[in-house]
Amino acid sequence: MDILLIGSGGREHALAWKLTQSLHCDELYCAPGNAGIADLATCVPIDPMDNAAIVAFCREKNIDFVVVGPEQPLVNGLVDALEAAGFDAFGPTQAAAQLEGSKGFTKDLCAEYDIPTAAYQRFNNAPKAKMYVRQQGAPIVIKADGLAAGKGVVVAETVEEACEAIDACFEGSFGEAGAEVVVEEFLQGEEASLFAICDGQTAVLMGTAQDHKRVGDGDTGPNTGGMGAYSPAPVLTQELIDEAMTDIIVPTLAGMHAKGHPFRGILYAGLMLTADGPSLIEYNTRFGDPECQVLMPRLKSDLVELMLASSKGSLLELPEAEWDGRTALTVVMASKGYPGSYEKNTVIEGIEDAEKTGTLVFHAGTSRGGDGALLATGGRVLNVTGFGDSVTQAQKAAYEGVAKVRWNNGFTRSDIGWRAIAREKEST
Ligand code: AMP
Ligand code: GLY
């Protein structure tokens, strides 16, 4: 079948890499793609937010299946537009994508279905929100309701900081996303991510991971989209996975079904592992980036079959997905200055040398110059994924690959995987 993939990040390069290995994939197109994806697919310059243009392209090329990578097109109703035009697509409808698009929606669903999550209140004006914060005290967490590219959350150490965050939200720091604010209890514990592929009724585990959101070593400095990740996350034991599936994922699916918004696609649960068990921090309705860059290389089963079953409601008919037992660890190479401003169009060399060490290099913000040179055009630019029998070994392999990339304007964190590696050291 001919498949159209939507997106242009490292996540989409990892998806393209896996999709093209499927027996079911004849032609792969990607809108808009990047320089790495261009080696696997035909890239087409279509805006992922232009539903009409995407539908028109599907008609022109007789596309059989559309895979949507990022959250914005999902929240923008791309899957609805495609289905209305008669095309099959992987990912949730606009109504189901509210699980990511509205934190208030998700918190209300948790309350209704008794899903463990931090205590919270929703507010549409600053004075009431601040009054609640003064009652609760700090630390406390302030969240813009809508999509804010991972930047709409402030973990406030003091009541003053919380009030400033509330003002910033209502004064428009996050645009429309901040028109409503969720104030929630601060949860203590270690964070981990669990991925489930869902078909409206059934959820199947699609792996676990931990990522590193802060830009600096030791998890310091500003938040980013993610500077690295590894899978599986050993902190999520089988017992915790079962608990999260039973107490969080399954009731979410049941609740969405009961509300008339059956959830199809990837449900990515950001979990806090508290003393009382896993608690839901947030949902995303797609693969994580860079988590996808460690999940896809570990997946042995056919991705297209899983995605088709998700879209058609037939996951139960598939054999259980098979996984490579090794650990995969990815290190993000970013442009110096990220997540602030950075220089564009700097030259990168040495990708083949990195791959010769046994790593996979997934591109994010890259393009080709007129002379064929590889150029960095974004903040997060490359993901170098290494493998090993432990997180320690996978980290070593990934950084060996990183060392082969010649890019003066790039930087990485040097400690991806540190939590798990510290534990591995303790247990030897
Ligand atoms: P979110 O975008 O909701 O995942 O939040 C971003 C980050 O803020 C999370 O990865 C956590 O580190 C932190 N965070 C969010 N909610 C809470 C909470 N209730 N308690 C403690 N930390 C939180
Ligand atoms: N790595 C975090 C995310 O994809 O939201």
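The values are calculated or read from the model by the stated rules, or taken from the named source; none is laboratory data. If you're wondering where the values come from, they're calculated on a predicted model, not measured in any experiment. Note that each Cβ is placed from the backbone with ideal geometry, even for glycine, and that neighbours are counted across all protein chains shown. Protein only, heavy atoms only, side chains kept; ligands, DNA and RNA dropped before computing areas. Shrake-Rupley method; radii C 1.70, N 1.55, O 1.52, S 1.80 Å.
At a glance:
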{"quantity": "Verdict on A233 being within 16 Å of ligand 2 (Cβ to nearest atom) and either within 18 Å of V141 (Cα to Cα) or part of a loop (DSSP other than H, G, I, E, B) (or both)", "calculated": "yes"}
{"quantity": "All positions within region 45-69 that are assigned to a loop (DSSP other than H, G, I, E, B) and open to solvent by 20 Å² or more (accessible area, probe 1.4 Å)", "calculated": "P45, I46, D47, P48, M49, D50, N62, D64"}
{"quantity": "Residue in region 218-229 that is in a loop (DSSP other than H, G, I, E, B), among the small types (G, A, S) and within 16 Å of ligand 2 (Cβ to nearest atom) present", "calculated": "yes"}
{"quantity": "Single residue of region 144-156 satisfying the filter (near ligand 1 (Cβ under 9 Å from one of its atoms) and under 18 Å from the mean Cα position of the chain (by Cα)) that is most open to solvent (accessible area, probe 1.4 Å)", "calculated": "K151"}
{"quantity": "Region 182-193, residues that are within 16 Å of ligand 2 (Cβ to nearest atom) and in contact with a Gly (Cβ under 8 Å, 6 or more places away or on another chain)", "calculated": "E191, S193"}
{"quantity": "Selection count where residues are touching a residue at least 60 places away in the same chain (Cβ under 8 Å) and out of contact with any strand residue (DSSP E or B) (no Cβ under 9 Å at 6 or more places or on another chain), scope region 304-342", "calculated": "1"}
{"quantity": "Enumeration of residues in region 116-143 that are open to solvent by 60 Å² or more (accessible area, probe 1.4 Å) and either among the acidic types (D, E) or assigned to a loop (DSSP other than H, G, I, E, B) (or both)", "calculated": "N124"}
{"quantity": "Residues that are at pLDDT below 95, small (G, A, S) and over 23 Å from H363 (Cβ atoms), drawn from region 219-255", "calculated": "G221"}
{"quantity": "Meets criteria (open to solvent by less than 60 Å² (accessible area, probe 1.4 Å), more than 15 Å from ligand 1 (Cβ to nearest atom), under 20 Å from V133 (Cα atoms) and not acidic (D, E)) for V159", "calculated": "yes"}
{"quantity": "Qualifying residue in region 94-115 (condition: part of a strand (DSSP E or B) and more than 16 Å from ligand 2 (Cβ to nearest atom))", "calculated": "no"}
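Results for (1) among the charged types (D, E, K, R); (2) in contact (Cβ under 8 Å) with a residue 60 or more places away in the chain, shown as yes or no for each residue.
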| site | (1), (2) |
| --- | --- |
| K61 | yes, no |
| A84 | no, no |
| Y113 | no, yes |
| A119 | no, yes |
| A138 | no, no |
